[in-house]
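Structure, as structure tokens:
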């Protein structure tokens, strides 16, 4: 694998139909949308406790994953998978919900802490590093920290969901650039998008 590119894309969320449409699953929404658009089949893999797929971009093999673990244990699947296939931390892209961004906004980021996100926290723990890339999909904030858990585990309003889906669409446009390692170009393209969240 060429230095600088992406070898694994991860969409964060909680498993099962009761969580599928919740704010906490917007990272999984992005992966599912990409797979549907490109006819990539995600298959359950018991060994890694995840739904897995694989595809090629300009001769580069890329693996794609939605963990079947609960959000707080996302790192178990990601860590074991990355270790088995010898995928370096800096070649991993994680799509996740972001409380600090309004619905309709998406941002690309490399490295950083977990910002209180338990899925990212567990991934950092299991990878023993935080140098992976992130696609932060804005879901907005309920206004008080005590309301966060209930907020992320519920479905967004119709208006907010529409904005989130639109942000995902914009993100999918620049995903090939990210996969090929053209991070600056992808970031500039995504961050220049005008949306209702700005």
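The values are calculated or read from the model by the stated rules, or taken from the named source; none is laboratory data. Model, not experiment: these values are computed from the prediction. For neighbour counting, all protein chains shown are included, and Cβ atoms are generated from backbone atoms with ideal geometry for every residue, glycine included.
A few points about this structure:
- Residues of region 144-158 classified as outside any loop (DSSP other than H, G, I, E, B) and closer than 17 Å to residue 25 by Cβ, total: 6
- Selection count where residues are touching a strand residue (DSSP E or B) at 6+ places or on another chain (Cβ under 8 Å), crowded, with 16+ Cβ neighbours inside 10 Å and outside any helix (DSSP H, G or I), scope region 112-143: 9
- The sole residue among 64, 40, 6, 92 that is in contact with a strand residue (DSSP E or B) (Cβ under 6 Å, 6 or more places away or on another chain), farther than 20 Å from residue 187 by Cβ, at pLDDT 95 or above and surrounded by 19 or more Cβ atoms within 10 Å (Cβ to Cβ) is 64.
- Among the residues of region 102-111, some residue qualifies, meaning at least one is surrounded by fewer than 24 Cβ atoms within 10 Å (Cβ to Cβ), without any contact (Cβ under 8 Å) to a residue 40 or more places away in the chain and not in a loop (DSSP other than H, G, I, E, B).
- Residues within region 144-169 that are surrounded by fewer than 16 Cβ atoms within 10 Å (Cβ to Cβ), closer than 14 Å to residue 107 by Cα and in contact with a helix residue (DSSP H, G or I) (Cβ under 7 Å, 6 or more places away or on another chain), tallied: 0
- Number of residues in region 109-126 that are touching a helix residue (DSSP H, G or I) at 6+ places or on another chain (Cβ under 6 Å) and farther than 18 Å from residue 13 by Cα equals 0.
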